[in-house]
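Below is one structure; the comments refer to it alone.
The values are calculated or read from the model by the stated rules, or taken from the named source; none is laboratory data. Computed from a predicted model, the values in this text were never measured in an experiment. Cβ: placed from backbone, ideal geometry, glycine included. Neighbour counts: every protein chain shown.
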Amino acid sequence: MNHLIAPSLLSADFAHLAQDIEMINRSETDWLHLDIMDGVFVPNISFGFPVLKYVAELCQKPLDVHLMIVQPEKFIPEVKALGAMMMNVHYEACPHLHRVVGAIHEAGMKAGVTLNPSTPACLLKDIICDVDMVLLMSVNPGFGGQKFIEHTVDKVRELRELIEKSGSKALIQVDGGVNLETGKRLVEAGADVLVAGNSVFKAADPVAMIHELKSL
């Protein structure tokens, strides 16, 4: 399949949020990526469900919800209520990951699992066939605008090999420092979904930038 583009709302202009979502709606965006941070699992706080309810009402694209929080399983009903397509939880935050993935599926959503930069892809061997997507963080989570961690390209290749050997249908998503240069290398390595924040929302023409990212 052609790779997907999921702009990250974290980089939007929250003083003009409706305008940014309208831009997303008329662009070639495939999904809208929503980063929920709690100030505990990551050293920052982003936005909560009151804001996301407003976003869900305006956005016409599938919602890709990434929970950078402790005990994400407690919020499965709230994420489901948004109409989210994907609920993504961190491997590092879920000691009972198989149970959480099952609960997400039971709620009618696709289940994603995120790995921090220092967490090796091989740790997903026993659950790779149960998840719909793996998100590889290519920066340390918590803040936008960070420098891309180069090892991520090799990590994408390693994860692609694991997926193919296991027969899993999981997509590979990458988030952090994604631009035209890093995005091209990630797609060539086997990434299916690119999360782009600053490279989209800080661009002179965000719609054109999304088109360029789609054309890599």
Taking Thr114 as the residue in question, decide whether it is within 21 Å of His211 (Cα to Cα), touching a strand residue (DSSP E or B) at 6+ places or on another chain (Cβ under 7 Å), β-branched (Val, Ile, Thr) and surrounded by 14 or more Cβ atoms within 10 Å (Cβ to Cβ).
no
Flagged pairs (Cβ under 9 angstrom, 6 or more apart or on separate chains; first in segment 91-105, part of a helix (DSSP H, G or I); second aromatic (Phe, Trp, Tyr)) are Glu92/Phe41; Ala93/Phe41; Leu97/Tyr91
Tally time: how many residues in segment 1-51 are over 14 Å from Met68 (Cβ atoms) and of a type in the set (A, V, I, L, M, F, W, C)?
16
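If you check Ala208 against the conditions, is it exposed (fewer than 15 other Cβ atoms within 10 Å of the Cβ), aliphatic (A, V, I, L, M), more than 15 Å from the chain's Cα centre (by Cα) and modelled with pLDDT of 95 or more?
On the way: exposed (fewer than 15 other Cβ atoms within 10 Å of the Cβ): yes; aliphatic (A, V, I, L, M): yes; more than 15 Å from the chain's Cα centre (by Cα): yes; modelled with pLDDT of 95 or more: yes.
For Ala208, the condition - exposed (fewer than 15 other Cβ atoms within 10 Å of the Cβ), aliphatic (A, V, I, L, M), more than 15 Å from the chain's Cα centre (by Cα) and modelled with pLDDT of 95 or more - is met.
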Residues to consider are Val40, Val79, Val51; find the one that is over 30 Å from Met209 (Cβ atoms) and aliphatic (A, V, I, L, M).
Val40
Name the single residue that is surrounded by the fewest Cβ atoms within 10 Å (Cβ to Cβ) among those in segment 180-191 being closer than 19 Å to Asp35 by Cβ and not small (Gly, Ala, Ser).
Thr182
Looking for something under 18 Å from the mean Cα position of the chain (by Cα), modelled with pLDDT of 95 or more, at positive phi and surrounded by fewer than 19 Cβ atoms within 10 Å (Cβ to Cβ) - is there at least one such residue anywhere in segment 24-42?
no
Scan segment 21-40 and report the pairs whose first residue is more than 18 Å from Val178 (Cα to Cα) and whose second residue is at pLDDT below 95 and aromatic (Phe, Trp, Tyr), with Cβ atoms within less than 8 Å and a gap of 6+ or a chain change.
Ile36/Phe47
Among the listed residues Leu10, Leu17, identify the single one that is assigned to a helix (DSSP H, G or I), touching a residue at least 24 places away in the same chain (Cβ under 8 Å) and in contact with a Ser or Thr (Cβ under 9 Å, 6 or more places away or on another chain).
Leu10
Take Gly197 and decide whether it is within 13 Å of the chain's Cα centre (by Cα) and either closer than 21 Å to Arg26 by Cβ or among the hydrophobic types (A, V, I, L, M, F, W, C) (or both).
yes
Got a number for residues in segment 182-194 being of a type in the set (A, V, I, L, M), within 16 Å of the chain's Cα centre (by Cα) and in a helix (DSSP H, G or I)?
2
